[in-house]
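First up is the structure itself, then whatever we jot down about it.
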């Protein structure tokens, strides 16, 4: 059974998520994000490769392995209070660590990754699973996380492309977005939801959005939560 999926973000009034570009400048965007993240009480959170790379401590794994590893889930831990799930279909991140902020890392890979990469993950104690070959099937991924790790409440906290992929697949049950009194106002900044050029004409399969709650926060920020009605996915 797939987890209940919440896309959680902090954004400017114009929907941009790179805090350093906001005007007037705000230094509390990250802290606000974390506070609301805790209140949402997910038992896992998910980010993409670009964000995940920021947490890596190694530069590379060895190029060769003498072993052949099966393309099946390898889970270093099954008892964590929360997991950090990172999409890395091509196996580009050399972690050099097993957790982020105490939450064990689970790398989501394509089956075309090398055995050397899998060996590096095992040496670091990083769990991994597979959800496709060269591209990821997000529905399969969610079902796998529920089945293998018992995840019931997943927070999607990626960049715009990751968030947009889940949205267009009809897999987001709720949007949690804190709107801060700041504006980006220029081209080139990432948005809450985005897409690659190839998916520019694809639309989210939404039939409705229901306001679940609205809370005014400190310094004029507003926390909105919407439940989504999808026509596919789920």
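The values are calculated or read from the model by the stated rules, or taken from the named source; none is laboratory data. All figures in this text were calculated on a predicted structure; none of them were measured in a lab. Neighbour counts are summed over all protein chains in view; Cβ atoms, including those assigned to glycine, are modelled from backbone coordinates with ideal geometry.
Which of the residues belonging to region 5-55 are in a strand (DSSP E or B) and buried (at least 17 other Cβ atoms within 10 Å of the Cβ)?
Filtering region 5-55 down to residues in a strand (DSSP E or B) leaves 5-11, 16, 23, 44-47.
Answer for region 5-55, where residues must be in a strand (DSSP E or B) and buried (at least 17 other Cβ atoms within 10 Å of the Cβ): 5, 6, 7, 8, 9, 10, 11, 16, 44, 45, 46, 47.
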* Asked: Given 32, 75, which one is in contact (Cβ under 8 Å) with a residue 60 or more places away in the chain, assigned by TED's automatic domain parsing to the domain that holds residue 160 and either closer than 29 Å to residue 221 by Cα or in contact with a strand residue (DSSP E or B) (Cβ under 7 Å, 6 or more places away or on another chain) (or both)?
  -> 32
* Structure fact -> Among (1) loosely packed, with under 13 Cβ neighbours inside 10 Å; (2) more than 19 Å from residue 17 (Cβ to Cβ), residue 219 falls short only on (2)
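Quick one: is residue 113 touching a residue at least 12 places away in the same chain (Cβ under 8 Å) and under 16 Å from residue 88 (Cα atoms)? Steps first, answer last, please.
Numbers: touching a residue at least 12 places away in the same chain (Cβ under 8 Å): yes; under 16 Å from residue 88 (Cα atoms): yes.
Considered against the rule, which asks whether it is touching a residue at least 12 places away in the same chain (Cβ under 8 Å) and under 16 Å from residue 88 (Cα atoms), residue 113 comes out as yes.
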* Asked: farther than 24 Å from residue 59 by Cα and not assigned by TED's automatic domain parsing to the domain that holds residue 195 - does that describe any residue in region 100-120?
  -> no
* residue 84 closer than 16 Å to residue 146 by Cα, surrounded by 19 or more Cβ atoms within 10 Å (Cβ to Cβ) and either in the same structural domain as residue 138 (by TED's automatic domain parsing) or free of Cβ contacts under 8 Å to residues at least 60 places away in the same chain (or both) -> yes
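Can you name the residue in region 91-116 that is in a loop (DSSP other than H, G, I, E, B) and touching a helix residue (DSSP H, G or I) at 6+ places or on another chain (Cβ under 8 Å) and is also surrounded by the most Cβ atoms within 10 Å (Cβ to Cβ) among such residues? First the steps, then the outcome.
If we filter region 91-116 for residues that are in a loop (DSSP other than H, G, I, E, B), which is where we start, we get 91-98, 101-102, 110-114.
Subsequent filtering for residues that are touching a helix residue (DSSP H, G or I) at 6+ places or on another chain (Cβ under 8 Å) retains 91-98.
Values: 91: 20, 92: 14, 93: 26, 94: 18, 95: 24, 96: 16, 97: 13, 98: 16.
My answer is 93.
Let's see how each residue does on (1) surrounded by fewer than 16 Cβ atoms within 10 Å (Cβ to Cβ); (2) at pLDDT below 95; (3) within 30 Å of residue 97 (Cα to Cα); (4) out of contact with any strand residue (DSSP E or B) (no Cβ under 8 Å at 6 or more places or on another chain):
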| position | (1), (2), (3), (4) |
| --- | --- |
| 121 | no, no, yes, no |
| 168 | no, no, no, yes |
| 190 | no, yes, yes, no |
| 197 | yes, yes, no, yes |
| 201 | yes, yes, no, yes |
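Specify the residue that is nearest to residue 156 (Cα to Cα); the eligible residues are those in region 218-234 that are out of contact with any helix residue (DSSP H, G or I) (no Cβ under 7 Å at 6 or more places or on another chain) and part of a loop (DSSP other than H, G, I, E, B).
First pass over region 218-234, keeping only residues out of contact with any helix residue (DSSP H, G or I) (no Cβ under 7 Å at 6 or more places or on another chain): 218-220, 222, 224-232, 234.
Next, only the ones that are part of a loop (DSSP other than H, G, I, E, B) stay: 231-232, 234.
Numbers: 231: 20, 232: 18, 234: 15 Å.
Among those that are out of contact with any helix residue (DSSP H, G or I) (no Cβ under 7 Å at 6 or more places or on another chain) and part of a loop (DSSP other than H, G, I, E, B), it is 234.
For every residue, the table says whether it meets (1) within 28 Å of residue 96 (Cβ to Cβ); (2) assigned to a strand (DSSP E or B); (3) free of Cβ contacts under 8 Å to residues at least 24 places away in the same chain.
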residue	(1), (2), (3)
118	yes, no, no
129	yes, yes, no
136	yes, no, no
207	no, yes, no
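For residue 58, are the conditions met, namely being over 19 Å from the mean Cα position of the chain (by Cα), over 30 Å from residue 226 (Cβ atoms) and in a loop (DSSP other than H, G, I, E, B)?
Values: over 19 Å from the mean Cα position of the chain (by Cα): yes; over 30 Å from residue 226 (Cβ atoms): yes; in a loop (DSSP other than H, G, I, E, B): yes.
So residue 58 fits the description; yes.
Could you pull out the residue among 170, 164, 188, 158 that is without any contact (Cβ under 8 Å) to a residue 12 or more places away in the chain, in the same structural domain as residue 15 (by TED's automatic domain parsing) and not in a strand (DSSP E or B)? Don't jump to the end; show me each part of the working.
Values: 170 fails: without any contact (Cβ under 8 Å) to a residue 12 or more places away in the chain; 164 fails: without any contact (Cβ under 8 Å) to a residue 12 or more places away in the chain; 158 fails: without any contact (Cβ under 8 Å) to a residue 12 or more places away in the chain.
Only one candidate qualifies: 188.
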